[in-house]
Each structure stands twice: as structure tokens, then as C-alpha cells.
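Presented below is the structure to which this report refers.
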Amino acid sequence: MIGDLPLTIDYRDSHSLDLDQLALLFNAVGWQKRTTDRERLARLVRGSLWIVSAWDGDRLVGFARAISDGAFNAYISTVAARLSVPDYQRRGIGREIVRRLIEDHDGIQFVLHANANAYPFYLHLELGFEPFENVLARRRKF
């Protein structure tokens, strides 16, 4: 509830995003480095095959994207939910945006990168993710 009103989240499967709202969400989760270059932020959206966003009215409260060939493999990256606001906590927003992202793509292997704090969250989503030990990564240089 927000005040006396029930919380209604609208989930959208669309690349049509307000970059200002995306920047606000990323800043709220501590990703300020991702919002300083507006064109790079726009490329993040354009370069994603699938995007799911969660909205509370006109406020973006969740975002996830997958980069994929659309046939065999996909990489889930940049999952963000505005969980610092108590009204959005434990409402299943993070789980639902990831569920919608992988929905109807059973022929695709999804790889999800998570930091140490978020890793346990993904293991408990009951969406079929499991540890995959032979994944290698070349880290960003900036």
C-alpha cells in the first residue's frame, strides 16, 4: 500500500523507455556510473533484444534486459528494482521482471550475472537458475 491505496505495478515488454526514469532508477540502486553518459545509456536499451520494465504509475520501479541471438543463448544483465523504498520491498517485482524476461523462451539458455549480494536472490527465484561454474568473464575497463 502507498498511503491507503493498493500498489498496482504495470509490467511492460518494450524498448520504449524514458531515459530520465531509467537514470533515476539506476541512480537509486547505486549505478551512477551507468547514467553519466546519456548516449551510452541509450545504447544499453537499443542493444537489448528483450526488455521488461515495471511501473508504478509514471515511475519506473524495475528494469531487466537480455542480450541474445534470439535462437540459443541469452545474457541477462542490468536487473534493477527500486527496493530502497519500503512500499516496493517484498512485492515480487524483481522476480516478476526476470520471469517475464525468460517467459516463452524455453529453447534459449539464459546466463545471469549477479554480484555477490544479489546471487542468493536469483538462486531462490524458482525460475530454473542454477550455478554454472565454467563461465568466464572479461571485466570492463571503465
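From the set of residues in the stretch 7-24 that are aliphatic (A, V, I, L, M) and farther than 11 Å from SER53 by Cα, which is surrounded by the fewest Cβ atoms within 10 Å (Cβ to Cβ)?
LEU7
Mind checking whether some residue in the stretch 14-24 is assigned to a strand (DSSP E or B) and either more than 25 Å from GLU130 (Cα to Cα) or in contact (Cβ under 8 Å) with a residue 24 or more places away in the chain (or both)?
no
What's the number of the condition PHE121 fails, among (1) in a loop (DSSP other than H, G, I, E, B); (2) closer than 28 Å to LYS33 by Cβ?
For PHE121, the failing item is (1).
Hey, among the residues in the stretch 86-113 that are free of Cβ contacts under 8 Å to residues at least 12 places away in the same chain and not in a helix (DSSP H, G or I), which one's nearest to ARG59 (Cα to Cα)?
GLN89
Any idea which residue in the stretch 52-66 is farthest from the chain's Cα centre (by Cα), counting only those that are surrounded by fewer than 21 Cβ atoms within 10 Å (Cβ to Cβ) and at negative phi?
Here the residue is ASP58.
Here, each number is a calculation from the coordinates, and none is a lab measurement. Worth saying up front: this structure is predicted, and the values here are computed from it rather than measured. Glycine also receives a Cβ, built like all others from the backbone with ideal geometry; neighbour counts cover every protein chain displayed.
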